[in-house]
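Here is the structure we will look at, set down as structure tokens.
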Amino acid sequence: MTVRKNQASLTAAEKRSFVDALLELKRTGQYDTFVTTHNAFIMSDTDSGDRVGHRSPSFLPWHRRFLIQFEQALQAIDPALALPYWDWTADRTASASLWAPGFLGGTGRSRDGQVTEGPFAVSGGRWPVTVTVDGRGFLRRALGSGVAQLPTRAEVDSVLAMPTYDTAPWNSASSDGFRNHLEGWRGVNLHNRVHVWVGGQMATGASPNDPVFWLHHAFIDRLWAQWQARHPRSAYLPAGATRNVVSLNDVMRPWNDVTPAEMLDHTKFYTFDTLA
């Protein structure tokens with residue numbers, strides 16, 4: 001069984017294996033297909049039209065399926081791998097361990113955001129950014145520039161306490177519900193704020209260009225699992241057919257063979273080192 005661990009607890013060898021598999025996916029071109037898919041959905045998901053990956057109840061099951069697919073691609077290279085998660089309530093500065101030169105590398109330089117150290121720096125020749133939104137072919141970051149602070153544990157707990165999964169109008173305007181507050185369109189702003197804090201490509205639809213995307217979303221997925229454990233009687237909503245959104249038993253694009261209902265139990269696919 002795949003066990004997803006906190007990145008802060010990974011050994012040096014585990015970090016190297018994860019980085020090596022990312023670089024191999026990039027070399028073969030598989031990595032960029034994930035970037036293209038995510039960018040296409042974030043651009044097409046709107047509050048007033050069809051929405052699948054974002055601004056909608058299926059934000060969480062869609063990304064759960066997306067991460068499983070990516071994790072399986074990594075495991076085809078190294079069967080021992082699992083996606084690590086980044087607990088940004090604990091590792092919340094630019095000097096945290098995940099930004100070390102031997103792992104993800106640090107922030108970008110001031111004039112253009114270019115990441116200049118670590119395995120994903122363009123100077124190494126192994127991480128060209130080809131799915132771009134601005135024509136620049138290198139990884140960019142601006143840690144802490146777009147927003148000063150990452151979400152706190154108290155803010156996370158306030159969202160985990162919300163008992164209802166989602167509410168009408170099932171988009172970024174939903175004033176109540178766990179999903180929209182976790183996604184960050186309302187309330188204390190969790191998921192979206194982290195994207196902005198990292199900056200660079202993470203603040204765009206092509207956010208998977210930055211490998212930290214996977215660690216961030218693995219933590220978002222863990223928060224969903226924590227919420228499910230705390231509210232076992234709170235179901236995915238909407239349960240019945242609802243215009244422009246993916247209800248419980250609707251299939252999700254682009255796979256068209258998986259429903260939110262099939263994504264509710266993560267333990268069929270992986271577990272976490274802890275849900276505490």
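The values are calculated or read from the model by the stated rules, or taken from the named source; none is laboratory data. In this text the structure is predicted, and so the values were computed from the model without any measurement. All Cβ positions, even for glycine, are placed from backbone atoms using ideal geometry, and neighbour counts span all protein chains on display. Ligands, DNA and RNA are stripped out before the accessible areas are found, and what is left, the full protein with its side chains, is counted by its heavy atoms. Shrake-Rupley method; radii C 1.70, N 1.55, O 1.52, S 1.80 Å.
The residues LEU23, LEU264, sorted by heavy-atom accessible surface at 1.4 Å with ligands and nucleic acids left out, run LEU264, LEU23 from largest to smallest. Once you reduce the range 37-58 and the range 227-248 to the center of their Cα atoms, the two points are 17 Å from each other.
Which of the trypsin sites (Lys or Arg not before Pro) found in the range 185-236 are loop residues per DSSP with 12 or fewer other Cβ atoms within 10 Å of their Cβ?
On the way: sites: ARG186, ARG193, ARG222, ARG230, ARG233; in loops: ARG186, ARG233.
Passing both the DSSP loop test and the Cβ count: ARG233.
When the charge dipole of the chain is built from unit charges on Cβ atoms (+1 for Lys and Arg, -1 for Asp and Glu) and taken about the Cα centre, the candidate among THR267, LEU248, VAL156 whose Cα reaches farthest toward its positive end is VAL156. According to the calculation over all Cα-Cα pairs in the chain, the P(r) per 5 Å bin from zero is 1, 6, 13, 18, 20, 18, 13, 8, 3, 1, 0 %.
Ranked from largest, the principal axis spans of the Cα set of the range 38-147 equal 40, 37, 31 Å. Stokes-Einstein, applied to the Kirkwood radius of the range 86-230 over Cα pairs at a viscosity of 1.306 mPa s and 10 °C, places its translational diffusion at 100 µm² s⁻¹.
Scanning residues 5 or more positions from THR271 or on other chains, those with amide H under 5 Å from its amide H are THR2, VAL3, ARG4, with H placed 1.01 Å from N in the peptide plane.
How much FRET efficiency would the formula 1/(1 + (r/R0)^6) give for ASP78 and ARG111, where r is the Cβ-Cβ distance and R0 is 41 Å, rounded to 0.05? Kindly include the intermediate steps, with their values, before the conclusion.
Working: r = 37 Å, r/R0 = 0.89.
With a Förster radius of 41 Å, E is 0.65.
The alpha carbons of the range 110-154 give a radius of gyration and a Dmax of 13.2, 41 Å, in that order.
Simple spin-label estimate for GLN226 and THR33 gives 3.4 nm between the two label positions (7 Å along the Cα-to-Cβ direction from each Cα). For THR46 and ALA168, what is the calculated FRET efficiency with R₀ set at 22 Å and r taken between the beta-carbons, to the nearest 0.05? The formula returns an efficiency of 0.85 here. In whole angstrom, how far apart do the alpha carbon centroids of the range 61-108 and the range 165-198 sit? Taking the Cα centre of the range 165-198 as reference, the centre of the range 61-108 is 22 Å away. Under 5 Å from the amide H of GLY108 lie the amide H atoms of ARG141, ALA142, LEU143, each residue being 5 or more positions distant or on a separate chain, with H modelled from the backbone and absent for Pro and chain starts.
Straight-line cross-link reach from LYS15 at under 13 Å between alpha-carbon atoms covers these aspartates and glutamates, not counting any fewer than eight positions away in the same chain: ASP78.
Taking the Cβ-Cβ separation of ASP257 and ALA154 as r and a Förster radius of 35 Å, what is the calculated FRET efficiency to the nearest 0.05?
Values: r = 40 Å, r/R0 = 1.13.
That pair, ASP257 with ALA154, gives E of 0.30.
Quick check for me: using +1 on Lys/Arg Cβ and -1 on Asp/Glu Cβ, what's the dipole size of the chain about its Cα centre, in debye to the nearest 20? Provide the component values of the computation, followed by the final result.
On the way: 27 positive and 26 negative charges, 70 e Å.
Charge dipole of the chain: 340 debye, to the nearest 20.
Rounding to the nearest 10 and keeping the result within 0 to 90°, find how far the Cα-based axis of helix 212-230 lies from the longest principal axis of the chain. Taking Cα atoms only, the helix is inclined about 30 degrees. Using the 1.4 Å probe convention, the accessible area of the chain works out to 39 Å² per residue with neighbouring protein chains retained.
Whole-Hz Karplus values for the range 172-188 come out as 6, 8, 4, 7, 10, x, 4, 4, 5, 6, 5, 4, x, 7, 9, x, 6 Hz, taken residue by residue from phi with 6.51 cos²θ - 1.76 cosθ + 1.60 and θ = phi - 60°; glycine and proline positions read x. Hey, how much of the P(r) for the range 214-276 falls beyond 14 Å, as a percent of Cα pairs? Result for the distance tail: 64 percent.
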